[in-house]
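Accompanying notes for the structure given below.
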Amino acid sequence: MQQLYTSQAGDTLTLWWDKADNAAQYEVFANGRSVAKTQKTHAQIQNVSGDLRLKVTALTDGRGQTICEGDFVFKPLPERVNVKDMGAAGDGVTLETSTLQAAIDALKPGQELYFPAGTYLTGALDLHSDMSLYLDEGACLQGTSDVKDYTPKIPSRFEGYEMMCYRSLLNLGHMDHTATADSCKNVLIYGKGTISGGGQQLCLNVIEVERELLKDYIKSLGDKVKDYENDHTIPARPRGRLINLSNCSDIRISGLTLQNGASWNVHMLYSKNIITDHCVFKSENVWNGDGWDPDSSENCTLFASEFFTGDDSVAIKSGKNPEGNVINRPTRHIRVFDCLSHKGLGVAIGSEMSGGVEDVKIWDCDLINSLYGVQIKATKKRGGYVRNVEVTDSRLSRFLVCAVKYNDDGEGSPVPPAMENMLIRRCHLSGWARNYWEKENRRIEAIDLSGFDASCKAKNITFENCTLGEDARLRIGMCENVRIDAREAE
């Protein structure tokens with residue numbers, strides 16, 4: 001029997017479970033009473049006020065079978081502290097960083113900071129353990145585009161390298177890859193409102209400041225600058241994110257619109273047990289505007305969310321050569337399900353994967369309007385591995401395993417990357433992609449296993465009971481033990 005996962009936010013209980021093979025429907029029981037029927041692998045129970053005995057039954061081949069059960073212990077509702085009672089204006093004009101930080105610092109364990117409708121203009125804020133933050137409908141926590149509002153810099157990691165970065169809009173924990181204890185835990189960020197960063201303007205402002213600070217270093221690189229993505233790459237790396245979780249555990253982000261970080265929107269680093277659900281990610285015009293990025297982190301789950309992103313909707317990472325090989329902190333036990341990509345690049349594993357990535361499961365996702373669908377990518381220099389990836393019952397523009405040429409600075413690993421053990425089941429691969437930049441669809445390979453070269457072939461890739469778009473094209477390159485059971489959709 002599989003595990004049942006639960007999380008309480010106010011008086012709403014959310015529960016989820018791994019997909020049961022070929023299940024047509026699930027029924028949820030609480031204290032012996034049926035409370036939900038769904039085809040999804042998650043459900044919510046409203047107005048919970050007491051402990052519950054939970055059971056989930058899957059209807060498979062016409063028969064109901066219990067797949068998970070467990071006990072839920074109700075937590076008393078937190079005491080709400082209205083941020084306006086703490087002096088916040090919420091007028092969208094007043095810079096409220098110090099007021100909001102004081103309100104956060106004053107919260108006692110178990111209290112919840114409540115944001116009523118309004119726009120709260122702020123720079124970087126630091127959250128702490130054992131607190132909740134609730135944004136009501138019409139409430140927007142709006143980050144400025146002024147670089148100085150995100151100083152002083154803090155230790156972080158961007159594109160695989162640890163470095164001093166500008167602070168994110170919301171900062172939880174302190175980065176230390178040697179730490180054995182969590183620096184921030186038990187935090188709930190939820191509601192019906194919006195957390196919005198300084199976006200592309202803040203991105204450009206950081207680049208301008210950092211280009212001047214780093215001009216001598218950039219000049220000293222000479223022709224090596226060609227190893228970088230473009231002339232913005234080095235000065236852009238110190239950008240903060242929208243929400244930065246470093247050395248955190250047991251964090252949930254739920255129900256919100258998360259948009260316009262200066263780079264990635266939600267970045268979890270050296271963290272575990274991170275839940276993100278029922279969120280909308282928006283970063284269409286932001287360079288490196290990823291949605292959700294688990295990085296050298298474990299047991300991270302994303303579901304029931306939508307993406308309009310300027311880069312990867314999801315990017316699963318674990319550091320970059322040579323530093324990522326030395327730190328050797330893998331990302332593992334990642335679950336992504338019931339997610340929809342309206343715009344963006346889709347789900348990526350890599351290219352920074354030098355610490356290893358394993359046990360990634362994706363199901364019931366619609367990525368057909370993404371440029372890459374599901375992409376596993378690296379460079380020959382990375383080292384590390386990607387293994388045990390499953391994609392089930394999803395719609396993809398394509399499935400792609402490939403080498404990339406960008407972001408290829410750094411000393412190479414003596415061992416090439418290992419990419420192996422991938423299972424794609426009951427998926428539809430259209431062979432058409434939305435060209436993000438030209439804003440039109442174009443034909444691509446529905447299955448593209450172009451891989452690397454003979455020194456690092458992708459291995460053990462199985463497509464099982466899949467369908468392809470009309471006249472779909474395949475490209476099979478440097479790989480071994482590939483089995484494709486796929487037919488053109490009727």
Using the Cα centre as the reference, give the magnitude of the dipole from point charges on the C-beta atoms of the chain (Lys, Arg: +1; Asp, Glu: -1; all else neutral), rounded to the nearest 20 debye. 580 debye
Simple spin-label estimate for Ile484 and Thr12 in nanometres, 7 Å along Cα-Cβ: 4.3 nm
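Based on the Cβ-Cβ distance from Met86 to Ala181, what FRET efficiency comes out when R0 is 45 Å, to the nearest 0.05? Let's see the in-between values first.
Values: r = 30 Å, r/R0 = 0.67.
The computed FRET efficiency comes out at 0.90.
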Which distance in nm do the two modelled labels at Glu208 and Asp130 give, with both placed 7 Å along the Cα-to-Cβ direction? 4.4 nm
Within the range 134-161: backbone nitrogen closer than 12 Å to the Leu95 label point (7 Å, Cα to C-beta): 144-151
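Rounded to the nearest 0.05, what FRET efficiency do Asp21 and Asn441 have when you use their Cβ-Cβ distance and R0 = 25 Å? Could the numbers behind the result be given before it?
Values: r = 32 Å, r/R0 = 1.29.
Efficiency, from the Cβ-Cβ distance: 0.15.
Please list 161-174, 268-281 highest first by mean number of surrounding beta-carbon atoms within 10 Å per residue.
268-281, 161-174
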For the range 175-246, what are Rg and Dmax over the alpha carbons, in angstrom? 17.1, 49
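Considering only DSSP beta bridges with both partners in the range 313-490, what is the antiparallel share in %, to the nearest 5? Please list the in-between numbers first.
Details: 4 of 63 bridges.
Given both bridge residues lie in the range 313-490, the antiparallel proportion sits at roughly 5 percent.
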Using label points projected 7 Å from each Cα along Cα→Cβ, tell me how many nm separate Val415 and Asp146, to one decimal. 5.0 nm
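Please figure out what share of the DSSP beta bridges in the range 78-311 is antiparallel and state it in percent, rounded to the nearest 5. Mind dumping the intermediate values first?
Values: 5 of 66 bridges.
In the range 78-311, approximately 10 percent of DSSP beta bridges are antiparallel ones.
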For the range 272-286 and the range 302-322, compute the distance between their C-alpha centroids and round to whole Å. 9 Å
Over the Cα atoms of the chain, each weighted equally, I'd like the Debye log10 I(q)/I(0) at q = 0.06, 0.10, 0.13 Å⁻¹, rounded to two decimals. -0.27, -0.76, -1.28
For a quick protection proxy, order the peptides 115-126, 381-392 by their average other-Cβ count within 10 Å, most packed first. 381-392, 115-126
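Every number in this text was worked out from the coordinates using simple rules, so none of it is lab data. These numbers were taken from a predicted model, which means no experiment stands behind them. Because the Cβ atoms are built from the backbone with ideal geometry, glycine has one as well, and the counts that use them run over all protein chains shown.
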